[in-house]
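The values are calculated or read from the model by the stated rules, or taken from the named source; none is laboratory data. Quick caveat, the model's predicted, so the values are computed rather than measured. Cβ: placed from backbone, ideal geometry, glycine included. Neighbour counts: every protein chain shown.
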Amino acid sequence: MNLANKLTVLRILLVPIMVIIPFLNIQGTLFSIPIEYIVIDVIFVIAALTDKLDGYIARSKNQITTFGKFLDPIADKIVVITAMIMLVEFNHLPAWIPIIVIFREFIVSGYRLIAAREKRKCNSCKYLGKVKNSNSNVSNNIGIFRSKCLWCYF
């Protein structure tokens, strides 16, 4: 298993750690932000950075694998959807938003299956997927701090 694939697996392994944090009852605040939110956000940021890093490593070192092509988008979905569900639990996000995202993911996955069966390729889809994933990561970060953040007052 190459480094890019190890980073993808690490991203998936960070999810249960992120989910466990609220059950640890970490007390205290930093700049009026609960410490548990900060810990969750740090884990989420690490997961988001590994997403960027694994793709860069795989492309730059010509280490793109079938395993990586399969697992990387799944890892992205696991991280983003988990974060959104946690935001619903924290009352920082209405439930209809992750419902729409999950619905969209099923539609896109179905389209990809059809395209793969018919041996079609969509390069612009890759770019749009990266834009969507980056926007999801930024939005989830803002959502974690929504109740106690400086930029929420603007």
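So here's what we get for this one:
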quantity	calculated
Members of the range 9-23 that are closer than 15 Å to I38 by Cα and surrounded by fewer than 16 Cβ atoms within 10 Å (Cβ to Cβ)	I17, I20, F23
Cβ pairs under 8 Å, 6+ apart, first in the range 44-58 and modelled with pLDDT under 90, second of a type in the set (K, R) and part of a helix (DSSP H, G or I)	D51/R11
I40 being within 15 Å of T82 (Cβ to Cβ), modelled with pLDDT of 90 or more and in a helix (DSSP H, G or I)	yes
Filter result (surrounded by 15 or more Cβ atoms within 10 Å (Cβ to Cβ) and in a loop (DSSP other than H, G, I, E, B)) within the range 66-108	F90, H92, L93
Odd one out for N62, checked against (1) at pLDDT below 90; (2) outside any helix (DSSP H, G or I)	(1)
Residue in the range 25-37 that is in contact with a helix residue (DSSP H, G or I) (Cβ under 6 Å, 6 or more places away or on another chain), part of a helix (DSSP H, G or I), of a type in the set (V, I, T) and touching a residue at least 40 places away in the same chain (Cβ under 8 Å) present	no
Flag if P22 is farther than 23 Å from A116 by Cβ and touching a residue at least 24 places away in the same chain (Cβ under 8 Å)	yes
Residues within the range 76-114 that are over 23 Å from I21 (Cα atoms) and of a type in the set (G, A, S), tallied	2
